[in-house]
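Remarks on the structure that follows.
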Amino acid sequence: MLETCVNRLVVVGIGLIGGSLAAALKQVGACREVIGVARREQTCLDAVRLGVVDRAVLSIEEVAGELTAGDVIFIAVPTLTVEAILQRIKRCVSPEVTITDGASVKGSVMSAVAAAYGCLPPQFVGGHPIAGSEQSGVEASNPELYKDHRVIITPTPETGDEHLKRVVAMWQVVGAEVLSMPVEEHDEVLAATSHLPHVIAYSLVDTLAHDSENENIFRYAAGGFRDFTRIASSDPVMWHDIMKANKDSVLTALDLFSENLHRLRSAIASEDSEHLLGVFTRAKAARDHFTKMLTKQAYSSSMQDQEITYTVKPGGSVSGELRVPGDKSISHRSIMLGSLADGITEVEGFLEGEDALATLQAFRDMGVVIEGPEQGRVRIHGVGLKGLQAPPGPLYVGNSGTSMRLLSGLLAGQSFDSELTGDESLSKRPMNRVANPLREMGAYIETAEGGLPPVKIKGGARLKAIDYQMPMASAQVKSCVLLAGLYAEGETRVTEPAPTRDHTERMLTGFGYPVQRAGATASLKSGGSLSATKIEVPADISSATFFMVAAAIAPGSDVTLTHVGINPTRDGVINILRLMGADITLSNQREVGGEPVADIRVKYAPLKGIHVPEDQVPLAIDEFPALFVAAACAEGKTVLTGAEELRVKESDRIQVMADGLVTLGVRAEATPDGIIIEGGPIGGGEVESHGDHRIAMSFTVAGLRATDDIVVKNCANVATSFPTFIELAQQAGIHLAVSEA
Ligand code: S3P
């Protein structure tokens, strides 16, 4: 028997909502007695017969005298009947008894409470379980109804603490997640998400039912009709009450919808494909995202709360031919430049990871019609350099530093205000490296204290070109300044202290926008335009790295990674692994859409420790976590210097890797600008990825050479860059199991 959180429960109204709570509390044994109150004798008999309640009575007065502190009355009647019930409760129930309700509208319930009591008594706690169904009546009672569903409670300053705690505990014990919200907010949110859909469903079915052909319509109305109109079978009285009780909020939502529907009608009438595709692609993306969020596969602000743990069994080898997903850097840029181009840009091989999707969503939010992604294919209806529109709110780019930094440059040149926000990890990453040069160009740009996100940009600045000497080797900073340069008066020049990835320059050229490159300086002038093109995104060498290292460290391995981008500004991992003795061959080398690609074959060969040449650092900047694992498996010492940039990536990759390696029994020592790793046996243990995708994947690969299980915590963010990692790793031969808490 569970600890009782409610002494006695009295359910007033034993329908789907009341009956289900009664049945659930009985089932978990969290209540001494459940009493039902129903208007009709038959309902009382049925409720007892079905075991939903212990006993049932016809009026609250019959049991009121028995009720004391610790007891709860749950009012589960149609919204407009709540006041009459409260009037009766007020007359006969003691102030110690907790009273709550399940009505869909909270404003009218609070008015009913105030009308009955002349005030808001501490014993009343407004509540609303978001768990109805189209079924109704006591027979529909289902003890599982609230499991994993949300219940919104709407406490006010008058609500008593004890009463509030009791109601929260009551819902939690039946498996619900309890959220708290102000009354007004609840009614607005529910008007849009629940009440409006019911109006539309009822209206659609009624419209079709009146059609003279209705027999036929209903006979042939299959999937779509059935899915869309399920809720039109809901209890009519309940929904009648809800519409009246939440009239103002429902009307606001309905007006907005009518306006949009009217616009859609005009678009159909005028065959305006752009508008139709715009609405449909945005809606599909939103709905798909929502579905993924519900199944916890998509990035959302709550993603970090998801505990995804990888457990890697020791040993094994990797083999086969693998195609890893599209290049992240190129995918971001394809959306950005495709959006700014004139005409339709078609992209293939687009990375459907959360980071690139964040960029895609940002441009949708700025009015760009983007079809897909559908198996890596995206069609971007470019709006031209001046065609972006003000987004409806802050642009949330999740974990993606590339989105935030490149977009900062681009947004600095727009006529509208904008704000860029990110997740917990991104919110700790430095943005002054882009804000400072942009300010020099005349941008109005604000960050939070310490140069951290969010980044707020004021529109309408007149940018002027600068000649920028970058203090650090960063392609993100270079790209940001060049993108701002598209809108700046004069010639914008950026000089880098060491070569960094040049995808922006290459892709601008591919879109027909002239970019000059002379030594370490890239420059462009404003006033040009981009013409739509076709982009084939090669497989990401940064993702391929995990399998390259896997094959390099695990005896018996032989893996071929196909169609990988080997841009010379990105190929440091190949050079470094080769210096360590890895057996790597490139074949099928060709150029695709301005980027060199090849198939990369890696066979196991013993590795030795090296001092990593500093000129390779920017060329392998994202590959170091995996290279540290290679170093741990090499004979002798590996020393990395000149890599302080690693400390400001998705995590402090020097410290986090050093900590994890030490946990696994490897001798590793973090230094201010690098690391020293002594090769040797890898044990097992639990390591923390700190929500950094590349750390999570690197320790997964380490399992191949471990002597014991490696447990990697916090792996949800692998979806940001490598959504198919788990399947590919398992397919290749890594003994990886995934669990979710
Ligand atoms: C990227 C540049 C690199 C890299 C990041 C992607 C890009 O960052 O770490 O994953 O697409 O321009 P920095 O330019 O800050 O080194």
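The values are calculated or read from the model by the stated rules, or taken from the named source; none is laboratory data. Please read all numbers here as calculations on a predicted model, not as lab measurements. Every residue, glycine among them, receives a Cβ derived from its backbone with ideal geometry; neighbour counts consider all protein chains shown.
General observations
- Against the conditions (1) within 12 Å of the ligand (Cβ to nearest atom); (2) closer than 17 Å to PRO618 by Cβ, ALA522 satisfies every one except (1).
- Residue identified as within 16 Å of the ligand (Cβ to nearest atom) and assigned to a loop (DSSP other than H, G, I, E, B) among GLY409, GLY398, GLY387, GLY393: GLY398
- Selection from segment 42-59 of residues that are aliphatic (A, V, I, L, M) and crowded, with 17+ Cβ neighbours inside 10 Å: ALA47, VAL52, VAL53, ALA56
- Residues that are out of contact with any Ser or Thr (no Cβ under 8 Å at 6 or more places or on another chain), on the phi > 0 side of the Ramachandran plot and in contact (Cβ under 8 Å) with a residue 12 or more places away in the chain do not occur anywhere in segment 407-414.
- Search result, residues across segment 586-632 that are more than 16 Å from the ligand (Cβ to nearest atom), within 30 Å of GLY510 (Cα to Cα) and of a type in the set (Val, Ile, Thr): VAL592, VAL597, ILE600
- When ASP248 is tested against the conditions (1) charged (D, E, K, R); (2) closer than 30 Å to ALA76 by Cβ; (3) under 28 Å from the mean Cα position of the chain (by Cα), the lone failure is (3).
- Residue check for VAL113: in contact with a strand residue (DSSP E or B) (Cβ under 7 Å, 6 or more places away or on another chain), more than 30 Å from THR229 (Cβ to Cβ), in contact (Cβ under 8 Å) with a residue 12 or more places away in the chain and assigned to a helix (DSSP H, G or I): yes
- The one condition in (1) within 27 Å of ARG55 (Cβ to Cβ); (2) free of Cβ contacts under 8 Å to residues at least 12 places away in the same chain that ILE89 fails to fulfil: (2)
- Taking the numbered list (1) modelled with pLDDT of 95 or more; (2) under 31 Å from the mean Cα position of the chain (by Cα) in turn, SER317 passes all entries but (2).
- Output for segment 694-727, where each listed residue is closer than 27 Å to GLN375 by Cβ and either in contact with a Gly (Cβ under 6 Å, 6 or more places away or on another chain) or surrounded by fewer than 21 Cβ atoms within 10 Å (Cβ to Cβ) (or both): ASN717, THR720, SER721, PRO723, THR724, ILE726, GLU727
- Of GLY679, GLY683, GLY642, all but one fail to be surrounded by fewer than 20 Cβ atoms within 10 Å (Cβ to Cβ), over 22 Å from LEU586 (Cβ atoms) and away from the ligand (no atom under 16 Å from the Cβ); the exception is GLY683.
- The residues listed here are ALA634, ALA643; of these, the one that is within 25 Å of ASP355 (Cα to Cα), free of Cβ contacts under 8 Å to residues at least 60 places away in the same chain and more than 25 Å from the chain's Cα centre (by Cα) is ALA643.
- The residues of segment 506-519 that are crowded, with 21+ Cβ neighbours inside 10 Å, over 20 Å from ALA465 (Cα atoms) and either within 15 Å of the ligand (Cβ to nearest atom) or modelled with pLDDT under 95 (or both) amount to a single one, MET507.
- Residue in segment 454-468 that is of a type outside the set (D, E, K, R), surrounded by fewer than 18 Cβ atoms within 10 Å (Cβ to Cβ) and not assigned by TED's automatic domain parsing to the domain that holds ASN717 present: yes
- Residue within segment 91-102 that is among the charged types (D, E, K, R), surrounded by fewer than 24 Cβ atoms within 10 Å (Cβ to Cβ), assigned by TED's automatic domain parsing to the domain that holds ASP71 and not in a loop (DSSP other than H, G, I, E, B) present: yes
- Subset of segment 60-81 [surrounded by 14 or more Cβ atoms within 10 Å (Cβ to Cβ) and part of a loop (DSSP other than H, G, I, E, B)]: ILE60, LEU67, ALA69, GLY70, ASP71, ALA76, VAL77, PRO78
- In segment 117-140, the residues that are in contact (Cβ under 8 Å) with a residue 40 or more places away in the chain form Cβ pairs under 9 Å with partners that are of a type in the set (S, T, N, Q) and assigned to a strand (DSSP E or B), at six or more places apart or across chains, as follows: GLN123/THR98; VAL125/THR98; VAL125/THR100; GLY126/THR100; GLY127/THR100.
- Criterion violated by HIS503 - all others in (1) touching a Lys or Arg at 6+ places or on another chain (Cβ under 8 Å); (2) more than 13 Å from the ligand (Cβ to nearest atom) satisfied: (2)
- Among the residues of segment 683-703, the one identified as hydrophobic (A, V, I, L, M, F, W, C), more than 25 Å from SER427 (Cα to Cα) and touching a strand residue (DSSP E or B) at 6+ places or on another chain (Cβ under 8 Å) is ALA702.
- Members of segment 530-544 that are more than 12 Å from the ligand (Cβ to nearest atom) and surrounded by 15 or more Cβ atoms within 10 Å (Cβ to Cβ): LEU530, ALA532, THR533, ILE535, GLU536, VAL537, PRO538, ALA539, ALA544
- Count of segment 552-586 residues which are of a type outside the set (Val, Ile, Thr), under 28 Å from HIS332 (Cβ atoms) and touching a Lys or Arg at 6+ places or on another chain (Cβ under 9 Å): 5
- Residues located in segment 565-585, provided they are surrounded by fewer than 15 Cβ atoms within 10 Å (Cβ to Cβ) and touching a residue at least 12 places away in the same chain (Cβ under 8 Å): PRO568, THR585
- Every residue from segment 582-613 that is over 17 Å from PHE546 (Cβ atoms) and assigned to a loop (DSSP other than H, G, I, E, B): GLY593, GLY594, ALA605, PRO606, GLY609, ILE610, VAL612, PRO613
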